[in-house]
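Working notes, beginning with the structure itself.
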Amino acid sequence: MTSIRDVLASVWQVDPESIPPDVHLNGYPAWDSLGHITLLLALSERFGFTLTPDNVQEMTSLPAIEAFLGSLKTS
């Protein structure tokens, strides 16, 4: 099973272990505004959710992405 960190690493073309646990938008070289949209599109494809303006604005850190995806599993 692909993890969130694996998706980030694939999109950013880096080793998953190089991604800090608290990584956030504009806090990592590849995670700028364009990288944000690219990342969220990859996550939505992998984990099967529809992007909305709200979740685009909410998912700005690895912990926030984990919380969002966790909420999908409990819904």
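Could you tell me what fraction of 2.2 N^0.38 Å the Cα radius of gyration of region 4-74 comes to, as a two-decimal ratio?
Its radius of gyration relative to the 2.2 N^0.38 Å reference: 1.00.
Assign unit charges at the C-beta atoms only (+1 for Lys and Arg, -1 for Asp and Glu), then state the dipole size of the chain relative to its Cα centre in Debye, rounded to the nearest 20.
180
According to the square roots a ≥ b ≥ c of the eigenvalues of the Cα gyration tensor, what is the shape class of region 1-45, taking rounded for a/c under 1.5, prolate for a/b larger than b/c otherwise, and oblate for the remainder?
Oblate is the answer for region 1-45, as a/c is 1.5 or above yet b/c matches or exceeds a/b.
Fully extended, how many nm does the chain gain between Asn26 and Ala42 (0.36 nm per residue separation, minus their Cα-Cα distance)?
In short, 4.0 nm is gained.
HN-Hα J couplings of region 50-57 from phi, Karplus 6.51/-1.76/1.60, θ = phi - 60°, integer Hz, Gly and Pro as x?
So the Karplus estimates, Gly and Pro as x, are 9, 6, 10, x, 5, 6, 5, 6 Hz.
Throughout, read-outs are computed from the coordinates displayed, never taken from laboratory work. Please read these numbers as outputs of a predicted model, since none were measured by experiment. No Cβ is skipped: glycine too gets one built from the backbone with ideal geometry, and neighbour counts run over all protein chains shown.
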